[in-house]
Amino acid sequence: MAKCGVCFRHCDIKEGQIGFCGGRTVKNGVVEAVNYGRITSLALDPIEKKPLARFCPGSMILSVGSYGCNLRCPFCQNHEISWSEEAKRSARTADTISPEELVNLAIKTKAKGNIGIAFTYNEPLIGYEFVRDTAALAKNNGLKNVMVTNGTAELSILEEIAPYIDAMNIDLKCFNEDWYSRVLNGNMRQVISFIEKAAESCHVELTTLIVPGENDSDDEMRSLSKWVSGLQNPNGEGVPLHISRFFPRFHMQDRDATDMEKVYHLADVARENLEYVYTGNC
Ligand code: SF4
């Protein structure tokens, strides 16, 4: 038995068993990423799709995902690789790639406008060792590194990867501790600390998915954007906020997609406090 120190859950994992997130195990008494180098998705995407609006706009980035997640959002848009039965199948069938192979692929795709590697699609931090090793190699080869994350990890994990990461999009799924823990099985305090620390070392943008009847009040958006307004990126600019439209998916199909007018309205509310506000999925 060993304790995983990656996120707030601090899972006690027995030898050969798998942690809550599906991405970590214990081998010879030591916790390690069972999803190291195991990839389920690989695509050359516009950087705006991450979404990043104010980091190398107009460029492309080689985007890679593995499997597993340490949250349990009932509306997950990537449930096939995060925490469903399909995700367990994905874990069995995922391809394997080494950091060297991935960096070589990223270099080869420079001709198509690629600037580097984005660790995305599932939660990259549960397999942070692959992010760290690959991003270090990519940086040595003049590539940029991006991470798209739920920000639910200890600061010691962030410190290990921060020297190599150029930009992050971090989910701030709501501004309500109860909803974070009760509905998402997460921990808002850990996310808040992670965001504050990340913005000290790299370009950070945030994403909030607006779920009808859950996190869509003016008051909550006002509190959230007020808190974001206290952050600053290393270039001295304020941290951008992406406000995104929910679509019924996975275990949350009991309501319609977020009304687009609602998304635009909440963006206006956020603009009371923030300079850079973008809408997504509209
Ligand atoms: S990263 Fe996974 S195994 Fe580690 S504490 Fe979090 S949920 Fe548990």
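In the set ASP216, ASP268, which member is without any contact (Cβ under 8 Å) to a residue 24 or more places away in the chain and within 19 Å of ASN281 (Cβ to Cβ)? Talk me through it step by step, then tell me what you get.
On the way: ASP216 fails: without any contact (Cβ under 8 Å) to a residue 24 or more places away in the chain.
Matching residue, one of ASP216, ASP268: ASP268.
With the stretch 120-224 as the region, which helices (runs of 4 or more DSSP H) entirely inside it contain at least 1 residues that are touching a strand residue (DSSP E or B) at 6+ places or on another chain (Cβ under 9 Å)?
Numbers: elements: 128-140, 155-161, 177-182, 188-201.
Result: 128-140, 155-161, 188-201.
Quick one: which of ASN281, ASN215, ASN185 is farther than 22 Å from MET147 by Cα, surrounded by 14 or more Cβ atoms within 10 Å (Cβ to Cβ) and among the polar types (S, T, N, Q)? Before you say what the answer is, go through the steps one by one.
Working: ASN281 fails: farther than 22 Å from MET147 by Cα; ASN185 fails: farther than 22 Å from MET147 by Cα.
That would be ASN215, the only listed residue that is farther than 22 Å from MET147 by Cα, surrounded by 14 or more Cβ atoms within 10 Å (Cβ to Cβ) and among the polar types (S, T, N, Q).
Checking SER98 against (1) surrounded by fewer than 16 Cβ atoms within 10 Å (Cβ to Cβ); (2) under 17 Å from ASN145 (Cβ atoms); (3) in contact with a helix residue (DSSP H, G or I) (Cβ under 8 Å, 6 or more places away or on another chain), only one condition comes out false. Which one?
SER98 satisfies every listed condition except (3).
When the stretch 101-115 is examined, which residues are found to be more than 20 Å from VAL34 (Cα to Cα) and either under 17 Å from the mean Cα position of the chain (by Cα) or charged (D, E, K, R) (or both)? Walk me through how you get there before you give the answer.
Narrowing the stretch 101-115 to residues more than 20 Å from VAL34 (Cα to Cα): 103-115.
LYS108, LYS110, LYS112, listed by residue number.
Which pairs have Cβ atoms under 7 Å, sit 6 or more apart or on different chains, and link a residue in the stretch 103-115 that is under 19 Å from ASP166 (Cα atoms) to one that is polar (S, T, N, Q)?
VAL103/THR134; VAL103/ASN141; ALA106/ASN114; ILE107/ASN141; GLY113/SER59; ILE115/SER59
For THR149, are the conditions met, namely being open to solvent by less than 10 Å² (accessible area, probe 1.4 Å), within 16 Å of the ligand (Cβ to nearest atom), within 20 Å of LEU52 (Cβ to Cβ) and polar (S, T, N, Q)?
Details: open to solvent by less than 10 Å² (accessible area, probe 1.4 Å): yes; within 16 Å of the ligand (Cβ to nearest atom): yes; within 20 Å of LEU52 (Cβ to Cβ): yes; polar (S, T, N, Q): yes.
Yes.
For the stretch 234-245, what are the residues that are touching a residue at least 24 places away in the same chain (Cβ under 8 Å) and more than 15 Å from LEU172 (Cβ to Cβ)?
Filtering the stretch 234-245 down to residues touching a residue at least 24 places away in the same chain (Cβ under 8 Å) leaves 234-235, 237-245.
Of everything in the stretch 234-245, those that are touching a residue at least 24 places away in the same chain (Cβ under 8 Å) and more than 15 Å from LEU172 (Cβ to Cβ) turn out to be PRO234, ASN235, GLU237, ARG245.
Step by step: first the residues of the stretch 154-165, then only those that are surrounded by 19 or more Cβ atoms within 10 Å (Cβ to Cβ) and closer than 21 Å to LEU52 by Cα, then the one that is farthest from the ligand (Cβ to nearest atom). Which residue is that?
Checking each candidate, the answer is TYR164.
If TYR264 satisfies all but one of (1) closer than 30 Å to ILE165 by Cα; (2) in a helix (DSSP H, G or I); (3) open to solvent by 20 Å² or more (accessible area, probe 1.4 Å), what's the number of the condition it fails?
It fails just one condition, (1).
Give all pairs with beta carbons closer than 7 Å in which a residue from the stretch 3-18 that is within 19 Å of LEU184 (Cβ to Cβ) and among the aliphatic types (A, V, I, L, M) meets a residue that is near the ligand (Cβ under 6 Å from one of its atoms) and open to solvent by less than 60 Å² (accessible area, probe 1.4 Å); count only pairs at least 6 apart in sequence or on separate chains.
VAL6/ARG24; VAL6/ILE126
Would you please name the residue that is surrounded by the most Cβ atoms within 10 Å (Cβ to Cβ), looking only at residues in the stretch 117-133 that are under 17 Å from the mean Cα position of the chain (by Cα) and away from the ligand (no atom under 16 Å from the Cβ)? Outline the logic, then answer.
Of all residues in the stretch 117-133, those under 17 Å from the mean Cα position of the chain (by Cα) come to 117-132.
Filter once more, keeping what is away from the ligand (no atom under 16 Å from the Cβ): 117-118, 120-121.
Values: ILE117: 27, ALA118: 29, THR120: 23, TYR121: 22.
Residue satisfying both the conditions and the ranking: ALA118.
The values are calculated or read from the model by the stated rules, or taken from the named source; none is laboratory data. Remember, predicted model here, so these are calculated numbers, not experimental data. Cβ: placed from backbone, ideal geometry, glycine included. Neighbour counts: every protein chain shown. Keep in mind that these areas ignore ligands, DNA and RNA; they rest on the heavy atoms of the full protein, side chains included. Shrake-Rupley method; radii C 1.70, N 1.55, O 1.52, S 1.80 Å.
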